[in-house]
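Chemist: Would you mind keeping the following structure in view while I ask a few things?
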Amino acid sequence: MSIALDRVSPQSQVLLIEAAEDGRVPDRLAIDRLSALWVAAASVNLADDLADGDCSYLEPRVGPGVSFLLQALATTLAARGEVSVRGIEELGLALARAAAGQSLEVRTSQWSLAKYREVAELIAGEQYRGYLRLLWDGTPWEEKAAEIGRALGVVGIAVTDITSADRRFRSMPAADREQLLAVCRQLLGTLEASALPCLRGFVALATATLASAAAA
């Protein structure tokens, strides 16, 4: 299990730690909630790697069991973090939609703007909507989790695809790529409007990446 946990991007976890601070989540709750999200992210990453045939760090027969274990542990940690029943339900529903997005992704052979947005909003937008909803449960930021999480997720996956030259992005028609960049710039406006310190670094990186892609 520790191998799967080590595969989680440190940058994503730093952002969530800072989001907990910005949301003024009490330290005694933040530790368990952040741990739950780290474990949940490891489970999501493992499922994605298994689907893409990229799981070189676990034996094929071991992977599903580890994913199952990670999901169970994430729920346990969320409960320890005193997340409300509604908050846990919201994360479960968000990850269920993300799983539907992954199913759609692996069955897509031709990418267009509409298809890209649909998949990105599910596998990334819903994922981060659920993460922030659980993290900010019971705080004044709880109601903003959906809007901020979806924007963060969609821009994040686009930036990752641009940086890695992923086929999802580069195989789209040029006009569709340009429109996607415009959509991401609008979503960055949503993130900037939140004035959350935790998002400043992400917004700066994403802005530079989008500008580079537009100039290419």
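Throughout, read-outs are computed from the coordinates displayed, never taken from laboratory work. From a predicted model like this one, the values you see are computed outputs, not experimental measurements.
Chemist: Calculate the radius of gyration of the Cα atoms of the chain to one decimal place, then report Dmax, the largest Cα-Cα distance, as a whole number, both in Å.
Modeler: According to the Cα coordinates of the chain, Rg and Dmax are 16.9, 49 Å.
Chemist: Related question: Let me have the 222 nm mean residue ellipticity of the chain computed from DSSP H runs of 4+ only, each contributing -39500 (n - 2.57), with the sum over all residues rounded to the nearest 500. Don't skip to the answer; put the middle values down first.
Modeler: Numbers: 11 runs with 162 residues, N = 216.
Taking each H run of at least 4 residues, the total per residue is -24500 deg cm²/dmol.
Chemist: Here's a follow-up. Stokes-Einstein at 25 °C, 0.890 mPa s, Kirkwood radius from Cα pairs: D for region 114-216 in µm² s⁻¹?
Modeler: Numbers: Rh = 13.9 Å.
Roughly 177 µm²/s, to the nearest whole number.
Chemist: How many angstrom separate the Cα center of region 1-41 from the Cα center of region 175-193?
Modeler: That distance is 27 Å.
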